[in-house]
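A short write-up of the structure that comes next.
The values are calculated or read from the model by the stated rules, or taken from the named source; none is laboratory data. Treat the numbers as computed from the prediction; the structure is a model and nothing was measured. As a convention, Cβ positions derive from the backbone with ideal geometry for all residues, glycine included, and neighbour counts pool all protein chains shown. Only protein heavy atoms, including side chains, enter the accessible area calculation; ligands, DNA and RNA are left aside. Shrake-Rupley method; radii C 1.70, N 1.55, O 1.52, S 1.80 Å.
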Amino acid sequence: MTAAHVGAEARAGWAMTAPALTAIGLFFALPALASLVLSFTDFDIYALANLNNLRFIGLENYERLIGNPLFWQAMGNTMWFVVFGVPLVVAASLGAALLVNARTLKWRGVWRVALFAPFVTTLVATAVVWNYLLHTRYGLINYALGGLGIAPVDWLGNPSTALPAILLFVAWKSFGYNMIIFLAALQAVSRDLEDAARVDGAGAWMRFRHVTLPAIAPTVLLVAILTVAGMFQLFAEPYVMTQGGPARSTVTVLYFMFEEGFKWWNLGSGAAVAFILFLCILAVTLVQLKVAKKVGAI
């Protein structure tokens, strides 16, 4: 291939990707850069009224966040969701995918739709149902616990149980999406290898560990990365179910950013929170990639 042909192919490639790159630049890179610049200013409701009130204040927003106990509480709550939520959602998704992919399961299509339905159901509608399920006096969960002799629990009204209750709701709401990804990966696993392992006497666990898991390892990594990003950006669930309460015990970083930016109109401070959140997600993702490379998943 001559240099002229290589140049023509390169120009054709840039021409075909230019619309997508332009959209990414306009709707992702440019707003992200603007948010970073905004985090170094005191952009607030007064600057909204008159840009002459806008000042460059350097790292002052970040210094104020570091000294704000509520920010650290929100960070701790978010990390709690990441540490406990990611393994829970990934395990539930993978387990459900293995279940609905089993050849011995009848009505597999019905099960797949039923398990995927929570993900596409409106968040507010499902939150109302879960608020009823978790209700102290009328909730079915407390009713079931009462049958075991356990006293009713104020799930969403007690700071020590509000986070687990919301995590349970988040896991139920979101695992169907990951299940579909796992299901697509499982259907690409060679049946011949599984049958060969079965003939060699491998049990279900051994076949999963030595045949299925290595084949879907890149998908596990993808789902883990997506779930980590989702947990770091948790906002709607605590906002709808508890409004950040009780006693601010369910405020997440994104909820804190929303209050800073759109409740108190401290847009500069809210942008600083967003950039810190971006750095956290980037750092955890890099660690995941490094671990995955070390164990041979990628």
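The portion of the accessible surface of the chain made up by carbon and sulfur, rounded to a whole percent, is 72 (1.4 Å probe; DNA, RNA and ligands excluded).
Figure legend: label point modelled 7 angstrom from the Cα of Leu70 along Cα→Cβ; residues of the range 29-61 with amide N under 17 Å from it are 44-45, 61. Taken along the Cα-to-beta-carbon direction at a fixed 7 Å, the label points for Leu286 and Ala151 span 4.9 nm. For Rg/Rh (Cα atoms, Kirkwood Rh), computed directly from the structure shown, the correct entry in (1) 1.09; (2) 1.06; (3) 0.97 is (2). For the chain, what is the calculated [θ] at 222 nm in deg cm²/dmol (nearest 500), taking -39500 (n - 2.57) for each run of four or more DSSP H residues and dividing by its residue count? Mean residue ellipticity, 222 nm, calculated: -21500 deg cm²/dmol. Computed 3J(HN,Hα) for the range 152-163, one whole-Hz value per residue from the Karplus formula 6.51 cos²θ - 1.76 cosθ + 1.60 where θ = phi - 60°, is x, 10, 7, 4, 8, x, 10, x, 7, 10, 5, 5, glycine and proline marked x.
When the Kirkwood hydrodynamic radius is evaluated over all pairs of different C-alpha atoms of the range 116-200, what value in angstrom, to one decimal, is obtained? Result for the range 116-200, one decimal place: 15.6 Å. Rounded to 0.05, the FRET efficiency of the Trp111 and Trp80 pair, given R0 = 22 Å and the Cβ-Cβ distance, is 0.10. Normalised per residue, the accessible area of the chain is 57 Å², obtained with a 1.4 Å probe and no contribution from ligands, DNA or RNA. Note on Gln233/Ala196: beta-carbon distance plugged into 1/(1 + (r/R0)^6) with R0 of 45 Å gives a FRET efficiency of 0.60. Contact order, relative form, for the chain: 27 percent (alpha carbon pairs under 8 Å, 6 or more residues apart, mean separation divided by residue count). May I ask for the net charge around Phe275, where only other residues with Cβ less than 15 Å from the Cβ of Phe275 are counted and Lys, Arg are +1 while Asp, Glu are -1? For residues surrounding Phe275, the net value is -2.
Considering the chain as a Gaussian network with a 10 Å cut-off on Cα pairs, which listed residue, Ile180, Ile45, Ile150, attains the greatest mean-square fluctuation? So, out of Ile180, Ile45, Ile150, the one fluctuating most is Ile150. For the options Leu134, Leu33, Leu123, a Gaussian network treatment of the chain with springs between C-alpha atoms closer than 10 Å singles out Leu33 as fluctuating the most. Normalising by the residue count of the range 1-110, find the relative contact order in percent from Cα pairs under 8 Å and 6+ residues apart. Result for the range 1-110 is 12 percent.
Mean-square fluctuations from a GNM of the chain, with a 10 angstrom spring cutoff on Cα atoms, peak among Asn178, Asn53, Asn131 at Asn53.
What is the ratio of the Cα radius of gyration of the range 1-124 to 2.2 N^0.38 Å, with N the residue count, to two decimals?
1.82
In order along the range 186-192, phi translates into HN-Hα couplings of 5, 6, 8, 6, 4, 5, 4 Hz, rounded to whole numbers, per the Karplus curve 6.51 cos²θ - 1.76 cosθ + 1.60 with θ = phi - 60° and x for Gly and Pro. Ranked from largest to smallest solvent-accessible area, with a 1.4 Å probe on the protein heavy atoms, Phe40, Phe175 come out as Phe40, Phe175.
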